[in-house]
1. Here are the criteria: (1) open to solvent by 30 Å² or more (accessible area, probe 1.4 Å); (2) in contact (Cβ under 8 Å) with a residue 12 or more places away in the chain. Tell me which single one MET268 does not satisfy.
2. With respect to ASP87, is the statement that it is among the charged types (D, E, K, R), part of a helix (DSSP H, G or I) and surrounded by 21 or more Cβ atoms within 10 Å (Cβ to Cβ) true?
3. Quickly run through the range 1-42 and pick out the residues that are more than 22 Å from HIS81 (Cβ to Cβ) and of a type in the set (Val, Ile, Thr).
4. Filter the range 295-317 down to the residues that are touching a residue at least 60 places away in the same chain (Cβ under 8 Å) and of a type in the set (Val, Ile, Thr), then identify the one that is nearest to GLN167 (Cα to Cα).
5. Within the range 299-321, take every residue that is at pLDDT 90 or above and open to solvent by 20 Å² or more (accessible area, probe 1.4 Å) and give me the one that is nearest to PHE65 (Cα to Cα).
6. Answer yes or no as to whether SER283 is in a helix (DSSP H, G or I), more than 30 Å from ARG176 (Cα to Cα) and either in contact with a Leu (Cβ under 8 Å, 6 or more places away or on another chain) or at pLDDT below 95 (or both).
7. Please give the number of the condition GLY53 fails out of (1) out of contact with any Lys or Arg (no Cβ under 8 Å at 6 or more places or on another chain); (2) modelled with pLDDT under 95.
8. Does the range 19-38 hold any residues that are under 18 Å from GLY98 (Cα atoms), touching a residue at least 40 places away in the same chain (Cβ under 8 Å) and surrounded by fewer than 20 Cβ atoms within 10 Å (Cβ to Cβ), and which are they?
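The values are calculated or read from the model by the stated rules, or taken from the named source; none is laboratory data. Keep in mind that what you see is a predicted model, and the values were worked out from it rather than measured. All Cβ positions, glycine included, derive from the backbone under ideal geometry; neighbour counts span all protein chains shown. SASA here: full protein model, heavy atoms, side chains in, ligands and nucleic acids out. Shrake-Rupley method; radii C 1.70, N 1.55, O 1.52, S 1.80 Å.
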Amino acid sequence: MRRDIPPLDEVRRITQKKRDAWWTVLLVDPVATPLVRLTAMRTRITPNQITWGAFLLGLGSAAFFALGDWQWLIAGAVVYHLSFILDCMDGKVARLTGTGSVFGAWLDFVFDRIRVMACAVALMWGQYDRTGESLYIWAAVAVVGLDTLRYINSLEIFKIRHSMRKQIKVRLKAARRAENQAELAFMEDLLRDNPEADVEQDLQKARSEAGIPEAPEAAPVAKPQVIDLHQEFRHKFPAYLRARSFLLRHRIRTHLVSGIEFQMGVFMIGPLFDVVLPATIVSGALLLVFELAIIYKLLLSTRDFTRTIDSFEERKVVAAA
C-alpha cells in the first residue's frame, strides 16, 4: 500500500479540474475522487488500464442496448454511467500519481469516440428492431454526427484562440522592444483565476495591483497590459458575467450542454425512462444551441482580436511619427 498518497481533500485539489461539466461535478466526482485515492493507494493499476476498463464497460453497455427491451435499456444506462466514471478516473489517477502520457491521452480520446459510436448504433438498432420505426436509424446517424461535430468544433476553436493569442504576444513583444511596454495579461485568464470579480474589478486590479508590491526605493514595476478578447461579447450580454461567476464558484463551466451532457441525455436519461427518441432529439437540439453560441462568441472575439491588432499598428505609426 502506498503511503505517499495525500488525504482526500488534497486529492480533490490535485485531481479535480477548476472547471468541468455540471454532470461530472455533481454526479461523477463525488464517486470518482474517493475511488481514485483508493486505487492509487492500494493497487498498481495504471491510467491506461483504467481507460481500457472504461472502454470494455462501454462495449458491454452497447450489448445491453442492442437487446432493446426496457429492462436491458436500464442495465445499459447503469453500465454506461459506470463506464463514464472509469473514464473520468484515468485522468485523475494520472494527475495524482504523475503517470500520465501523451499516448494515454490519445487512447482515451479514441476509445471515447468508439464507445459513443458503438452505443449509438446498438441503442438505435435495438429500438428499431423493437418498434420498426426507421427514425431510429436516422437518430443513430445524428448521434454519431453530433458527437463528431462537437469535438471537431472544440478542437478548431481552441486552435483559433491559440493562434490569436500567439499573434498578439508576438506583436506585444515587438512593441515592448520598441516602447518598453508592460507585461501582457488576458482577461479570460484573470476571470478564470478570480471568478468572483467582474470585468471592471479585474481591469482595475490589473492596472493598480499587478506585480510584487514595490519597495519605497525600488524602481517602478511594469504593470500588465490587459487584452480582453471577449469584450464585445461581455458588452452585449452583461448578465453572462454574473452567471459565469456563480457557476465557477461551484466549478461548473458555462458550456452547460457539451459532449458529456449530450451523451448522458442519449445513453442514460433516454434508456432509463424509455424515451430514447425524445431524449435524443432534445439533447441534440440543446447541444447545437450551445455550439452555435460558442461559434457566435468566437465571431465576436475575432472582432476584438482585429481591433487589438489594429491598435498595435496605430501605435507603430504614432511612434514612427
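1. (1)
2. Details: among the charged types (D, E, K, R): yes; part of a helix (DSSP H, G or I): yes; surrounded by 21 or more Cβ atoms within 10 Å (Cβ to Cβ): yes.
Considered against the rule, which asks whether it is among the charged types (D, E, K, R), part of a helix (DSSP H, G or I) and surrounded by 21 or more Cβ atoms within 10 Å (Cβ to Cβ), ASP87 comes out as yes.
3. ILE5, ILE14 - these are the residues of the range 1-42 that are more than 22 Å from HIS81 (Cβ to Cβ) and of a type in the set (Val, Ile, Thr).
4. Going through the qualifying residues, I end up with ILE309.
5. Checking each candidate, the answer is LEU299.
6. So SER283 fails the test.
7. Evaluating GLY53 over (1) out of contact with any Lys or Arg (no Cβ under 8 Å at 6 or more places or on another chain); (2) modelled with pLDDT under 95 leaves (2) as the failure.
8. LEU35
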